[in-house]
Structure formats: C-alpha cells, structure tokens
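A quick write-up on the structure given underneath.
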Amino acid sequence: MLEIKNLHARIAESGVEIIRGLNLTVKAGEVAAIMGPNGSGKSTLSYILAGRPDYEVTEGEILYNGESILEMDPAERAAAGIFLAFQYPMEIPGVATMEFLKVAMNAQRKARGEEPLKIPELIKRVKEEAGLLSMDMAMLKRPLNVGFSGGEKKRAEILQMKLLQPNLCVLDETDSGLDIDALKIVSDGVNALRSPDRAIVVITHYQRLLEHIVPDSVHVLYKGQVIKSGDKSLAFELEENGYAGIIEEAA
C-alpha cells in the first residue's frame, strides 16, 4: 500500500536535509512501527506523507497503492484516504468539534461522489464512535481541541480517524502525554481499525505503546534512513538496550 523509495527531503525554508535516502514498504493489513532517537526524522516523515508544504522532496518517490502522491496537495491526499494523527493536535478556535467532523466527513464523501450525510445519520455515527472512546458528547460542542487535555485531543483525533475510515493511518507519537487509562482507550480505538484493507504506521519513542498496539513490523530510523527492520521483538530489544548498538552496527 505504501512504498517509499530512496526518499530525500529537506526543510523548504532552510534547505537542511532531514530525510536521506529512506526506503520503506508497508503492506495492506500491516501495522508498522517507526522508532528512533530524537532528531532521526520520524515526525518529518509523517509530515511529508501528509503533504505539509514546509518540506521539499528532492529525490525519490512515495507510492500509495502504486501511484505517486508527490504532486498531490494535502486535501487530495486526505480524500484519497491518507490520515495523519499529529503529536500535538492543532487548536481551532471558533469551530465546534461536531461541525469540523461534519465538514470533514462530507468533504470526503463529495470527493468519492457520494451524497452528504444527513444530520440524524451524522449524529448517530458520531455518538456511536464517541461512546466507544469514552467521550462525552458535550465535548463535541466545544471548539476543536481548545482547552482539551492531552488525552481529549488524542481521543478527538482517533474519533476523526474512525469516522473517516482512511486506508493509510499515520500516527505521530499518539502516546505522547497520555496516562495509562487514556493510552488504553486510544489504543483500543486504533486496534479497532485494523483491517486487511488498511495500513497503519505508528511512530513512537517507546515500546509501551507497542504493548497495546502490537506491530507486525518495526523499523529503526536514524539520520533520515531506516537502518534496521524486524518484527515486534525488535521493539523489546530497543527498550532493553537502547539505540546505540544498532546505530554502531549500521555505521
């Protein structure tokens, strides 16, 4: 589903190269974990997949279901089924969470040539999924992410993901700032999205998230390259021994 070949990318404004020849393949039905020390390019990779304009791809390609996405803008990528859950979700004052969900869902339906959801059906879907994430419906009347706790912001993003049903889900450190209870709720929401037709990329520093969202593959990113790949046991190795040995081995 996702194939990245010899990807090089830099910060558009400064020209500093962050991704330096990255190769990665994630198949449909797979949950792939991306791990690595700070500054290795993990979040940059997620931004590039989503089409953030602050970054410029200088070489290589990104194929999604066999087609290049490099010329697609963020809205086109979202309509095609690519979803990014941010490490620090943005606050949008003046836009109620429910209104945001309605606009997002109907924009996606329009892109697929479908009729917009009627209000009763929209509310029914949102209520069902919010309940599974232990979200109070009163929260959905508040401006998106404004005044939300870290756990509430992450639940709101998982709710968006469950309602939009993307084909490629990219989670950028979705465990950041979560207590144990919120981590389990968010993880359960992600696990409910596992499907033979969907790929999930989980970016994390810590093995603890991968106890809840068990990956099929683990990839270590360092200085903009994948330097080692393995199964879930690689995450336990990293937790126990850190990155130094793997970095030295790849040098």
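The values are calculated or read from the model by the stated rules, or taken from the named source; none is laboratory data. Source: prediction; values computed, not measured. No Cβ is skipped: glycine too gets one built from the backbone with ideal geometry, and neighbour counts run over all protein chains shown.
Quick look at the numbers
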quantity	calculated
Filter result for residue 210 (farther than 30 Å from residue 95 by Cα, out of contact with any Phe, Trp or Tyr (no Cβ under 8 Å at 6 or more places or on another chain) and of a type outside the set (Asp, Glu))	yes
Subset tally (residues that are part of a loop (DSSP other than H, G, I, E, B) and among the aliphatic types (A, V, I, L, M)) for the stretch 157-187	1
Cross-chain or 6+ apart pairs with Cβ under 7 Å, the stretch 76-93 first and crowded, with 16+ Cβ neighbours inside 10 Å, then charged (D, E, K, R) and assigned to a loop (DSSP other than H, G, I, E, B)	87/173
Top-ranked residue in the stretch 28-42 [being in a loop (DSSP other than H, G, I, E, B) and in contact with a Ser or Thr (Cβ under 9 Å, 6 or more places away or on another chain); ranked as surrounded by the most Cβ atoms within 10 Å (Cβ to Cβ)]	30
Failed item, numbered, when residue 228 is tested on (1) among the basic types (Lys, Arg); (2) in contact with a Pro (Cβ under 8 Å, 6 or more places away or on another chain); (3) free of Cβ contacts under 8 Å to residues at least 24 places away in the same chain	(2)
Of all residues in the stretch 47-87 being under 20 Å from residue 164 (Cβ atoms) and hydroxyl-bearing (Ser, Thr, Tyr), the one that is farthest from the chain's Cα centre (by Cα)	64
Matching residues in the stretch 124-156 - criterion: being crowded, with 19+ Cβ neighbours inside 10 Å, at pLDDT 90 or above and assigned to a loop (DSSP other than H, G, I, E, B)	145
Condition check for residue 53: touching a helix residue (DSSP H, G or I) at 6+ places or on another chain (Cβ under 6 Å), modelled with pLDDT under 95 and part of a loop (DSSP other than H, G, I, E, B)	no
Condition met for residue 94 (under 26 Å from residue 219 (Cα atoms) and not aromatic (Phe, Trp, Tyr))	no
Subset of the stretch 107-147 [on the phi < 0 side of the Ramachandran plot and in contact (Cβ under 8 Å) with a residue 40 or more places away in the chain]	108, 132, 133, 139, 140, 141, 142, 143, 144, 146
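A quick yes/no check of all residues on (1) buried (at least 17 other Cβ atoms within 10 Å of the Cβ); (2) farther than 21 Å from residue 29 by Cα; (3) among the basic types (Lys, Arg); (4) touching a His at 6+ places or on another chain (Cβ under 8 Å):
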{"position": "161", "(1), (2), (3), (4)": "yes, no, no, no"}
{"position": "166", "(1), (2), (3), (4)": "yes, no, no, no"}
{"position": "180", "(1), (2), (3), (4)": "no, yes, no, no"}
{"position": "191", "(1), (2), (3), (4)": "no, no, no, yes"}
{"position": "236", "(1), (2), (3), (4)": "no, yes, no, no"}
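Each row is one residue, and each column tells you yes or no for (1) within 30 Å of residue 80 (Cβ to Cβ); (2) in contact with a strand residue (DSSP E or B) (Cβ under 8 Å, 6 or more places away or on another chain); (3) modelled with pLDDT of 95 or more; (4) part of a helix (DSSP H, G or I).
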{"residue": "197", "(1), (2), (3), (4)": "yes, no, no, no"}
{"residue": "201", "(1), (2), (3), (4)": "yes, yes, yes, no"}
{"residue": "208", "(1), (2), (3), (4)": "no, no, no, yes"}
{"residue": "211", "(1), (2), (3), (4)": "no, no, no, yes"}
{"residue": "215", "(1), (2), (3), (4)": "yes, yes, no, no"}
{"residue": "235", "(1), (2), (3), (4)": "yes, yes, no, yes"}
{"residue": "239", "(1), (2), (3), (4)": "no, no, no, yes"}
{"residue": "245", "(1), (2), (3), (4)": "no, no, no, yes"}
